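First up is the structure itself, then whatever we jot down about it.
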Amino acid sequence: MCRARIHRKEIMMPRHKDCITLLDYSHDEIAGILSRARKLKAERGAADAKILHGRTGVLIFEKPSLRTRITFETALNELGGHAINLESSMVQIGKRESVEDVARNLQRWVHLIIARTYSHNTIVKLARACSIPVINALTDLYHPCQALAFAQTVWEHLGSDSRPWIVFIGDGNNVCSSLMALAAQMGYNFTLACPAGYEPPAEVISACSEKAEKSKCTISVSHDLVDAVRNATVLYTDVWTSMGQEEESSVRQKAFSGFQVNKALLAHCSQNVLVSHCLPAHRGQEITSEILDSKQSIALDEAENRLHVQKAVIHYLLS
Ligand code: CP
Ligand code: NVA
């Protein structure tokens, strides 16, 4: 069996209680998690990976999910723990009882909360109100586990010493903000190519830019798609209308119509450019099937790595 080495710094780092945004995690902490993910992937099923020893994680999802829910549940099981799927309609966080009361009760029974919420503030309140770890499984603002899976996939394709230039095409949404945070911490250049008015919140851009200054990379926003992609190592895209924005769908379709990842766009990039998408994709809108299913696409590798990197996050928080 191939035994991947653990990043030495992983062992030395003080731990955070939660995983809410990658802006809280340093370069070395992220590298440690990625290194652990690589090892867990190489040694999938090994008995010594069962670090949860019967501990229980609860999953609360206010929005639909395929990848995140399956990978977290599988991760908890494979790490020797148990997963409880709590129907969000049963809990009604903030309606039937306060966010804080939900957290205070859960911490008396389980060891980990994994939550997908509409408002980012809900997960922040959950985390603040309890002593057990809380993992962000996507909010309106961030999707840190997606960005970590992307980074693991880039390491696999380009090497852990690579410094890719990430160009995100489309909406400055939760996935974009987490990739921007990842890039800022890891020292990767990052450009968002979007129509004017669809940038991430100004506070996210300024927090990432501050981190980027320290890690000596650039974070930029461009409204000129062709110009933005010229130096790209990886193109990334996501749906134009995220969960919860359905009422804006037709306005967004018009606004983003010139921001599709397709063969014509790739003609302006390096021949080796990689392409990714967090999935689910709206084929024919933000990306064509021809590109999503091409050899350059690493989207499914990234989906696969959700399992391994989330195990590594659980390991980091609970071992
Ligand atoms: N990429 C992602 O988070 O997929 P799901 O919404 O299916 O979980
Ligand atoms: N931006 C998308 C990501 C889905 C994984 C959404 O929030 O719907």
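The values are calculated or read from the model by the stated rules, or taken from the named source; none is laboratory data. Predicted model only: the values in this text are computed from it and were never measured. When we count neighbours, we look across all protein chains shown, and the Cβ atoms used for this are built from the backbone with ideal geometry, even at glycine.
I'd like to know if the stretch 111-134 contains one or more residues that are within 16 Å of ligand 2 (Cβ to nearest atom), part of a loop (DSSP other than H, G, I, E, B) and buried (at least 24 other Cβ atoms within 10 Å of the Cβ). Within the stretch 111-134, one or more residues are within 16 Å of ligand 2 (Cβ to nearest atom), part of a loop (DSSP other than H, G, I, E, B) and buried (at least 24 other Cβ atoms within 10 Å of the Cβ). With respect to (1) within 16 Å of ligand 1 (Cβ to nearest atom); (2) assigned to a loop (DSSP other than H, G, I, E, B), the lone exception for Lys95 is condition (1).
Inside the stretch 258-295, residues that are part of a loop (DSSP other than H, G, I, E, B) and either of a type in the set (D, E, K, R) or within 21 Å of the chain's Cα centre (by Cα) (or both) make up a count of 9.
Inside the stretch 63-84, residues that are over 25 Å from Ala281 (Cα atoms) and either of a type outside the set (Val, Ile, Thr) or at pLDDT below 95 (or both) make up a count of 8. Only residues that are assigned to a loop (DSSP other than H, G, I, E, B) and surrounded by fewer than 14 Cβ atoms within 10 Å (Cβ to Cβ) were counted across the stretch 198-229, and they come to 3. Do we have Ala232 as part of a helix (DSSP H, G or I), modelled with pLDDT of 95 or more and either of a type outside the set (S, T, N, Q) or within 16 Å of ligand 2 (Cβ to nearest atom) (or both) here? Criteria not met by Ala232.
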